[in-house]
Amino acid sequence: MKSLNIPTFLPRLKVLNREQALAIHQAALEILEKTGFKMEHPDAHQMLVDAGGKVTNDGRLTLPAYLVEEALKTTPKQIALYDQKGNKTMPLVDGNPFYGTGSDATFTLDLETGQRRRAVLKDVANFARLVDNLENISFAMSMANPDDVPVEDIYVYVFAEMIKNINKPIVFIADSGRDIAKIYEIACLVAGGEEEFQKKPFMLNYSEAISPLRFPQNVMEKLIFCARKKIPICLPSGSNAGGGAPITIAGAMALGIAENLVGLAVHQLTNKGAPFLFGPNVSTLDMKSTVVSYGCPEWSLSQAALADMRDEMYGLPTWAYAGASDAKVMDAQAGAEAMFSIITAMLSRSNLIHDVGFLEYGNTSSLEMVTMANELVAMSRFFTEGIPVNEGTLALDVIERVATGGPGSIFLTDDHTFDYFREAQFLPQLLDRSRYDSWKEAGAMDLYTVCNTEAKRILSEHQVEPKTDEVLNEVDRILKGR
Amino acid sequence: MGEYKALNGAVLKGDINTATAEMQKAIDADKNVQDIIDNGLIAAMDEVGERFSKGLLFVPQMLRAAKTMQECMKLIEPLLQKGDVTPKGKVLIGTVRGDLHDIGKNLVSMMMESAGFMITDLGVDVPPEKFVQKAQEVEPDIVAMSALLSTTMPAMPQTIEALGKAGLRAKVKVMIGGAPVTENYAHEIRADAYASDAGSAVSKAKKLLGIS
Ligand code: B12
């Protein structure tokens, strides 16, 4: 057999053809040219007018397509997120997928009691520490909207808590231009100065415009701040099908993309070349319960479509979600919905994928869910890495050896098995494949219990490399407002 | 119901054309106006509510039925004397200060409206003073507040306090809702009722005012 040098096909999900992608983009441009939007930040408003935007009779703004296309051109096609020690751990480019947790859950499933309770600051610490340890969870969000910190500075407290408990990149929330400045001050401390931070940014801001087509003052403050400081930012709006947007995914995407493009225009007019992560949140409003679903196929489909649009035209890294569920406890539904969104996000090559570990449509967080998702991401990665086909993997010599080896000759004992089994197999750490008797003997645990035990183990054993006392003291000073 | 079977059915289906035609027939036949409303329209809407709560209808179907009823009401309005039809109650609703979420609040408003309440909607990011000022103006039976952020929930007790200071607390019932809000929280801040979704918001509101 001649020697083989075949590139491995990486399975890739495609859900839109080029015409569909172009049509959705055109629709987004048409929304901006004809319907227009409400820009409530006076400077941003002026900036857009100066650049060619038109004010309508009722005070809305419309944008000519060229203004938007211009912004798309000046936006960097990749965002490199670093960890807090300066390693480039998240190159958001092409089809690299990275998973992380979500932000403001009101409740959490208590690790000890299993009960849903109001989240507190300690939960932020626990989730951060867990993520710091989990191999396949690349970044952290707060996972909690804690009950026990001053409300005005809630996002500063939450950020400081994450800084103390994780060294991976952070995706953070802020309320306005005021608290984001404090958060930035903390980030610069950690990085060792503003210049250092900008060279190796380790955080990304998640702000949201309001569907349909409304851009509040405080949201724009954050956007402009991030553009100036080159803090990577995303600006998805709540263009959920049937909620903030039309019930049909195409229209909801067009609206969400239009809203993103407005943000992008302001962002690039403020500072050309500043990093912007593209993408709306297009989930769906459930028509029985009226919840915005965090486990539906619609959201996965819309972000797969966005990844196709990235590949067809935008070229910008995308914002996405996965690993969450509408289930109230970590049950079979939670597992099914988590896996569905995780594998499809990876197959469609979304880039920054958040909300891992949410239950109850984003109202409740679960350490067990995150722990499980870590394994599901690994499983998905195995699948999306495809099947390497070469002499070594075709193993014709091995087949011949075993087949002709006479009685007792089996693949199991062949060196080829020993050499290859680690890469050739997916080796689960939590999913149970034990034989019935041993499973029973080990306590007959279901996956929830296994994940609960594992999360507890990690939280009791894992040490997060601490920040220096100097940094920690300064952080406390900023928190106390002095 | 029997008499208005076709009208009831059309409202239930959200078939605006048939419903308005049936409505016109009833009006032309000189039926009692209140009777048409009660047995022709509201009876159908009660059935809609019933089916929705059993999971047999979806939200858009329910809203379409409500719209159908409103279209029918338009035909009858010119015939109504002032005071002929009394609303079930007046509701002043808004999303509290600092909070911009409004989809849930809008849905609650719509459902209440179609159940016969008169709604004044203050929109989003409504400060306590504005609730008070408008309450003085429209004299609502219920003040309803929505909050989707735990950071804006404290604006609820603040609004209740402001209503108290203005001497309005005893005159209105306070209802609250929104994803982070709980029954317990409602007790804590001495609101009169909490509802977890738009459907139960309607039944809680009726209960508060002692109507069926
Ligand atoms: C859509 C959405 C948005 C949209 C809102 C658009 C709009 N026009 O409303 C946008 C994108 C603007 C948005 C912004 C933000 N959001 Co938001 N948002 C959501 C989301 C996904 C759905 C909310 C929704 O519309 N649901 C559908 C409606 C129909 O349901 P509902 O609102 O729950 O209402 C029902 C009941 O609650 C009840 N009800 C509601 N009000 C009332 C009132 C009364 C009187 C009664 C009786 C009943 C009642 O009946 C309703 C109908 O059945 C939720 C997550 C979720 N799945 O719930 C997050 C969520 C509410 N948002 C959240 C956050 C953190 C934010 C931001 C801070 C994010 C950011 N990065 O900036 C901003 C804040 C903006 C602001 N200042 O308000 C958090 C809140 C966490 C917390 N505990 O505080 C959530 C839970 C998501 C999360 N887990 O992080 N959001």
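The values are calculated or read from the model by the stated rules, or taken from the named source; none is laboratory data. Fair warning: this is a prediction, and the values are worked out from it, not measured in the lab. Methodologically, a virtual Cβ is constructed for each residue, glycine included, from the backbone with ideal geometry; neighbour enumeration extends over all protein chains shown. Only protein heavy atoms, including side chains, enter the accessible area calculation; ligands, DNA and RNA are left aside. Shrake-Rupley method; radii C 1.70, N 1.55, O 1.52, S 1.80 Å.
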Report, by residue number, each residue of the range A:80-119 that is of a type in the set (Val, Ile, Thr), farther than 30 Å from residue B:183 by Cβ and modelled with pLDDT of 95 or more.
A:89
I'd like the full set of residues that are open to solvent by 10 Å² or more (accessible area, probe 1.4 Å), in a loop (DSSP other than H, G, I, E, B) and away from the ligand (no atom under 16 Å from the Cβ), limited to the range A:328-367.
A:329, A:330, A:331, A:349
Candidate set: the range B:87-96, residues that are more than 10 Å from the ligand (Cβ to nearest atom) and in contact with a Pro (Cβ under 7 Å, 6 or more places away or on another chain); chosen: the one most open to solvent (accessible area, probe 1.4 Å):
B:90
Failed item in (1) within 21 Å of residue B:152 (Cα to Cα); (2) within 11 Å of another protein chain (Cβ to nearest Cβ), with residue A:177 passing the rest:
(2)
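This table checks each residue for (1) out of contact with any Lys or Arg (no Cβ under 6 Å at 6 or more places or on another chain); (2) open to solvent by less than 30 Å² (accessible area, probe 1.4 Å).
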| residue | (1), (2) |
| --- | --- |
| B:106 | yes, no |
| B:109 | yes, yes |
| B:118 | no, no |
| B:134 | yes, no |
| B:141 | no, no |
| B:149 | yes, no |
Count of residues meeting criterion [within 16 Å of the ligand (Cβ to nearest atom) and either open to solvent by 20 Å² or more (accessible area, probe 1.4 Å) or of a type in the set (Gly, Ala, Ser) (or both)] in the range A:298-319
3
Pairs please, first residue from the range B:150-165 and touching a residue at least 12 places away in the same chain (Cβ under 8 Å), second anywhere and within 12 Å of the ligand (Cβ to nearest atom) and of a type in the set (Asp, Glu), Cβ atoms under 6 Å, 6+ apart in sequence or on different chains.
B:152/B:99
Contacts under 6 angstrom Cβ, first residue in the range A:334-359 being touching a residue at least 12 places away in the same chain (Cβ under 8 Å), partner among the aromatic types (Phe, Trp, Tyr), 6 or more apart
A:352/A:98; A:352/A:319; A:353/A:99; A:354/A:321; A:355/A:321; A:356/A:99; A:358/A:294
Give A:250, A:274, A:254, A:265 a once-over and let me know the one that is away from every other protein chain (no Cβ under 14 Å) and within 18 Å of residue A:171 (Cα to Cα).
A:274
Any chance the range B:79-102 includes a residue that's over 21 Å from residue B:195 (Cβ atoms) and assigned to a helix (DSSP H, G or I)?
yes
For the range A:194-213, indicate whether the set of residues that are closer than 23 Å to residue A:91 by Cα, buried (at least 21 other Cβ atoms within 10 Å of the Cβ) and more than 20 Å from the chain's Cα centre (by Cα) is non-empty.
yes
In the range A:189-216, residue farthest from the ligand (Cβ to nearest atom) [restricted to those that are of a type in the set (S, T, N, Q) and over 16 Å from residue A:319 (Cα atoms)]:
A:198
Across the range B:190-212, what is the total count of residues that are touching a helix residue (DSSP H, G or I) at 6+ places or on another chain (Cβ under 6 Å), within 14 Å of chain A (Cβ to nearest Cβ) and either away from the ligand (no atom under 16 Å from the Cβ) or within 17 Å of residue B:94 (Cα to Cα) (or both)?
4
More than 22 Å from residue A:453 (Cβ to Cβ) and more than 20 Å from the chain's Cα centre (by Cα): which single residue out of A:147, A:110, A:94 fits that description?
A:147
For the range B:175-189, pairs from a residue that is free of Cβ contacts under 8 Å to residues at least 60 places away in the same chain and within 11 Å of chain A (Cβ to nearest Cβ) to a residue that is open to solvent by 20 Å² or more (accessible area, probe 1.4 Å) and assigned to a strand (DSSP E or B), with Cβ under 8 Å and 6 or more apart or across chains, are B:181/B:194; B:182/B:194; B:185/B:194
Test residue B:65 against the stated conditions and say whether it is at pLDDT below 85 and open to solvent by less than 30 Å² (accessible area, probe 1.4 Å).
no
Residues of the range A:286-327 classified as within 14 Å of another protein chain (Cβ to nearest Cβ) and assigned to a loop (DSSP other than H, G, I, E, B), total
9
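Filter the range A:215-240 down to the residues that are within 12 Å of another protein chain (Cβ to nearest Cβ) and either open to solvent by 10 Å² or more (accessible area, probe 1.4 Å) or in contact with a Ser or Thr (Cβ under 7 Å, 6 or more places away or on another chain) (or both) and list them by number.
Selection gives A:217, A:218, A:219, A:237, A:238, A:239, A:240.
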Check residue A:295 against each of (1) more than 14 Å from the chain's Cα centre (by Cα); (2) away from the ligand (no atom under 16 Å from the Cβ) and name the one condition it does not meet.
(2)
Inspect all residues belonging to the range B:104-113 and state whether any of them is touching a residue at least 12 places away in the same chain (Cβ under 8 Å) and more than 10 Å from the ligand (Cβ to nearest atom).
yes
Would you tally the residues in the range A:426-471 being out of contact with any Asp or Glu (no Cβ under 8 Å at 6 or more places or on another chain) and assigned to a loop (DSSP other than H, G, I, E, B)?
15
What number of residues in the range B:136-168 are part of a loop (DSSP other than H, G, I, E, B) and within 14 Å of another protein chain (Cβ to nearest Cβ)?
8
Flag for residue B:122 being at negative phi, open to solvent by less than 20 Å² (accessible area, probe 1.4 Å) and away from chain A (no Cβ under 14 Å):
no
